[in-house]
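A.B. asks: Please see the structure below; I have some questions.
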Number of protein chains: 2
Amino acid sequence: MADPTSPHPGTSALRVYPHDLETRVDRKESLVEDAYRALKASILDGTLPAGYQAVEHRIADQLNMSRTPVHEAVIRLQHEGLVRVLPRRGVQVLPISAIDMVEVYQVLVAMEGMAAMLLAQHPERAEASIRMMEDATNQMERALKGEDLRGWARADDQFHRVLVSECGNQRLAKMAATMVDQAQRARTVTLQFRQLPHASVQEHRVIISAIRAGDTLGARTAAEAHRTRASGEIIKAIERL
Amino acid sequence: MADPTSPHPGTSALRVYPHDLETRVDRKESLVEDAYRALKASILDGTLPAGYQAVEHRIADQLNMSRTPVHEAVIRLQHEGLVRVLPRRGVQVLPISAIDMVEVYQVLVAMEGMAAMLLAQHPERAEASIRMMEDATNQMERALKGEDLRGWARADDQFHRVLVSECGNQRLAKMAATMVDQAQRARTVTLQFRQLPHASVQEHRVIISAIRAGDTLGARTAAEAHRTRASGEIIKAIERL
DNA sequence: AAATGTTATCTGGTATGCAAGAGCGCATAA
DNA sequence: TTATGCGCTCTTGCATACCAGATAACATTT
């Protein structure tokens, strides 16, 4: 702040967007949580691009806190595979490789398949969740018509986040959410290079109706097929980069 | 150390086994890692039973380090669902509920099913891993004949850890390992109340031969069926407690 | 004796201080 | 001019210090 002209290449990216980071800190739960959310959000939406590198102390200054909570948040992000700390080099935002996405989507196929199955086991209990997934899907359709790729991606994310967070299994929900984060980030990067993804809307509807019908196997199969197909597209897109 | 007779109820359990904790600290990677491993191992094998409660500072004393690394390790364990920190009460080892095990086994069904499928996609590449699983299964059989329940459990664990760690997907491996940890802990508690589990050996062999035959769907189905059945038994055993 | 208010203490979260090691640059020598 | 070696700096990991808030015990009053 005292030196807004500092031209160090390693720190410029953070200095360019100080407001973005600070405004993301609103919750008062704990500073570690604040730092975690702020950094993660910035990484996921591309504000902090792959390869971006910064030192804990500087991040702490940006977020108006000491190194301690930043340190813990960074370690958490490292465990999730979003950053790595290079000894005596600083924290580095990891690039997304095709191999990473293969892994992420394999996990998502397994977990969302299970989540869809669990929801289908109690369709009546899950009605509110199903409605949310329907809303998200409808919004995807609207966004597609308006060729609003960002809006489509946001709604698609919403569908998948509801699917796993409402399945009733908190452990599954939490792990799958971490994978969805990574998928979201990959998509943010590749979005501009892709065709309009028309198939998703229909596939989501198949999943929804199987869940509502209590067709556990059908719901699972549909969820798996959807992620498997999407997986191929994303990975091709990443390989083109 | 200076006060081996301290009778505080909240700290006695740790004081009783100082050697157990300290001898687990051998790696020199980082103190956080040391603390994490020591605490986790003690929780998994029952040295620190559910309900056990201690204060970070005291744990740090036991492990001959400061609070900082202990604090970080505890937070990690909390994320994994093994402990929780009660504000101004200390760190508490969580009990294992039937609901927890339902969740854990649902995740394992999904992930080990996927892992078996991935292995079956490249049986030749996986030959070394398959051998390890065979060894583990043979050892289970021997342990059963000798009615060595502990030995059986150890070998069974080994089988499942190899299955997920060798599947080629590191994210899946890491997440599944966390779930296997919890399953292991639950089994340690319930082992004494169970019948000799004869079915497992045969089921493992089915999984192995499907993988070796490159039968992806069969491997997946067999792995799922195995965990699904075992799930029922463990959960019944826990509910009896 | 019981209930309530006050205060001392204890804990986790956070900040700051300290040390060790690796990289980078500069100086010196060939 | 180039290569090599020494030392300074910079960064993380760990230790220590500090603080706010909640609990629990004690005292006081009814």
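The values are calculated or read from the model by the stated rules, or taken from the named source; none is laboratory data. A quick note: this is a predicted structure, and the numbers were derived from the prediction, not measured. Note that we place each Cβ from the backbone using ideal geometry, even for glycine, and neighbour counts take in every protein chain shown. Heads up: the accessible areas ignore ligands, DNA and RNA and are worked out on the full protein's heavy atoms, side chains in. Shrake-Rupley method; radii C 1.70, N 1.55, O 1.52, S 1.80 Å.
A.B. asks: Could you order A:F159, B:F193 by accessible surface area, starting with the largest, using a probe radius of 1.4 Å?
C.D. replies: Greatest to least solvent exposure: B:F193, A:F159.
A.B. asks: A further question on this structure: Please list, in order along the stretch A:216-229, the HN-Hα scalar couplings obtained from phi with the Karplus expression 6.51 cos²θ - 1.76 cosθ + 1.60 (θ = phi - 60°), rounded to whole Hz, x for Gly and Pro.
C.D. replies: Karplus values, whole Hz, x for Gly and Pro: 4, 5, x, 4, 4, 4, 5, 5, 5, 4, 4, 5, 5, 5.
A.B. asks: Suppose all protein chains stay in the model; what accessible area per residue would a 1.4 Å probe give for the protein assembly as shown, in Å²? Don't skip to the answer; put the middle values down first.
C.D. replies: Numbers: 23050 Å² over 482 residues.
On a per-residue basis, 48 Å².
A.B. asks: Nearest 100 Å² is fine: what is the total accessible surface buried where chains A and B meet, probe 1.4 Å?
C.D. replies: 2400 Å²
A.B. asks: I've got another one for you. Modelled label-to-label distance, B:T188 and A:N138, 7 Å Cα→beta-carbon offset: nm?
C.D. replies: For B:T188 paired with A:N138, the spin-label model returns 5.1 nm.
A.B. asks: What is the Cα centroid distance between the stretch B:34-57 and the stretch B:79-112, reported in whole angstrom?
C.D. replies: 14 Å
A.B. asks: Using a 1.4 Å probe on the protein chains only, how many percent of the accessible area of chain B belongs to carbon and sulfur?
C.D. replies: Answer for chain B is 53 percent, counting heavy atoms of protein chains only.
A.B. asks: How far apart are the B:S30 label points across copies, placing each 7 Å from Cα toward Cβ, in nm, shortest first?
C.D. replies: Going from nearest to farthest copy, the values are 1.7 nm.
A.B. asks: Under the convention of a label 7 Å out along Cα→Cβ, give the distances in nm from A:G46 to the same position in every other copy, shortest first.
C.D. replies: Listed shortest first, these distances are 5.5 nm.
A.B. asks: Report, to one decimal in Å, the Kirkwood hydrodynamic radius for the stretch B:147-221 based on all distinct Cα pairs.
C.D. replies: Radius from the Kirkwood sum: 13.6 Å.
A.B. asks: Which residues of the stretch A:155-203 bury at least 30 Å² of accessible area once all protein chains are present, versus their chain alone (1.4 Å probe)?
C.D. replies: A:N169, A:R171, A:K174, A:M175, A:M179
A.B. asks: For A:V206, go 7 angstrom from Cα along the Cα-to-Cβ vector, then report the distances to that same point in the other copies in nm, smallest first.
C.D. replies: Taking the point 7 Å beyond Cα along Cα→Cβ, the inter-copy spacings are 2.8 nm.
A.B. asks: Highest GNM mean-square fluctuation, chain B, Cα pairs closer than 10 Å: which of B:P197, B:P49, B:P87?
C.D. replies: B:P87
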